[in-house]
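To keep things clear, I will list the structure first and then write my remarks on it.
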2 protein chains.
Amino acid sequence: MILSQTAVYALRATMYLSQVREVGPTRVDVIANELKVPRNYLSKILHLLAREGVLDSTRGPHGGFQLVRPGTQIALETVVEHFDDLGGCLLGRDSCDESNPCAAHGRWKNISESVLRFFRETSIAELAGGGPGGFLVELPIPAKTPR
Amino acid sequence: MILSQTAVYALRATMYLSQVREVGPTRVDVIANELKVPRNYLSKILHLLAREGVLDSTRGPHGGFQLVRPGTQIALETVVEHFDDLGGCLLGRDSCDESNPCAAHGRWKNISESVLRFFRETSIAELAGGGPGGFLVELPIPAKTPR
DNA sequence: CCTATTCATCATATCATTATGACGAACTAA
DNA sequence: TTAGTTCGTCATAATGATATGATGAATAGG
């Protein structure tokens, strides 16, 4: 698989959040149930995304997670980069660039760049909205609650 | 990393074998030392490639591994497919195609295909020969020894 | 046939990823 | 201030990938 299970959970969860029509946070349990994903595991993933500024988290009643800005403005890369290293050396070397290339570097570069561009230029809302059963509506920008 | 460590070992080993100028098998120990890769682990990998018809293995004195045909005629895919599943669903679904697509399918398809094309159309000799310090000479076709 | 050589394989260890269960900390509302 | 709700986090488990060490089986050459 190209992405780790963890990164896929993160993507699917943020995609889900980008489709929630009601403003305000959504509980982990709801997301976990909806996506059929382990609750505590997802909790850690979302917590990390909150620490990294992709989500807002709120505790207590009416708490949960929400996107810090509409899904149309969040690139897949923004979510995935915290879990997987896309764009590393194909042959697994620590350093691999023009001045010190691996055997595959020159030929792989173009492909690699188009992959990176996909993650950089595709928004989670684009994916969430494009799939079967997805919504195409624009979301209101949720109020940013300071922590 | 896009490829597993195992797949990278397999690639590097076959690339190495494609550059060996002498006809006949090369011992695992030589390859492992040369590539700085764990010997027994590499042994299993090469054994699997032999079972799968990518390599010939010979036991006893003067034994070792060799490519079944010149590296110019072995695609990266031929080596990698036995270890990693390239081209699976981006969101990790078991089945994902035109008739039952995941949310990312349509947008990811083009990128995915160019990745697959790279592995299908690039030979191990191309990589081995293209890197710094590589050889560009053509190899004689090694005699196919029945097992 | 014997011996050295080499791959084949078994048992086990280590590590990272993925997952589960229990409890603590923060928050809301009454 | 109390009770209920919800995220936060700790401890631990299960699994798969990666790695090591010891031994078995096939082969070539004397």
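Any read-out appearing in this document is the output of simple, stated calculations on the displayed coordinates, not a laboratory observation. Every value quoted in this text rests on a predicted model; they were computed, and no experiment measured them. Neighbour counts run over all protein chains shown; Cβ positions are idealised from the backbone, glycine included.
Measuring from a point 7 Å out along Cα→Cβ, what nm distances, shortest first, does A:Met1 have to its partners in the other copies?
In ascending order, 1.8 nm.
Pairs of lysines 8 or more apart, or on different chains, with alpha carbons under 24 Å: count those in the protein assembly as shown, would you?
5
Under 10 Å from the Cβ of A:Gly64, count the other residues' Cβ atoms, weight Lys and Arg +1, Asp and Glu -1, and hand me the total.
Summing Lys and Arg as +1 and Asp and Glu as -1 gives 0.
Could you tell me which GluC sites (Glu not before Pro) in the stretch A:1-64 are loop residues by DSSP with no more than 15 other beta carbons within 10 angstrom of their beta carbon?
A:Glu22, A:Glu52
About the Cα centre of chain B, how large is the charge dipole given +1 on each Lys and Arg Cβ and -1 on each Asp and Glu Cβ? Please answer in debye to the nearest 20. Mind dumping the intermediate values first?
Values: 16 positive and 16 negative charges, 91 e Å.
Dipole magnitude for chain B comes out near 440 debye.
Return the Cα extents of chain B along principal axes one, two and three, sorted largest first, each rounded to a whole Å.
55, 30, 30
Compute, for the protein assembly as shown, the length of the dipole vector about the Cα centre, with Cβ point charges of +1 (Lys, Arg) and -1 (Asp, Glu) only. Units Debye, rounded to 20.
620 debye
Given the options B:Ile124, B:Ile45, B:Ile111, state which has the largest fluctuation in a GNM of chain B using a 10 Å cut-off (strictly under) for Cα springs.
B:Ile111
Choose one of A:Cys102, A:Gln73, A:Leu90: the residue whose Cα lies farthest towards the positive end of the charge dipole of the stretch A:56-105 (beta-carbon charges +1 Lys, Arg; -1 Asp, Glu; about the Cα centre).
Positive-end residue among those listed: A:Gln73.
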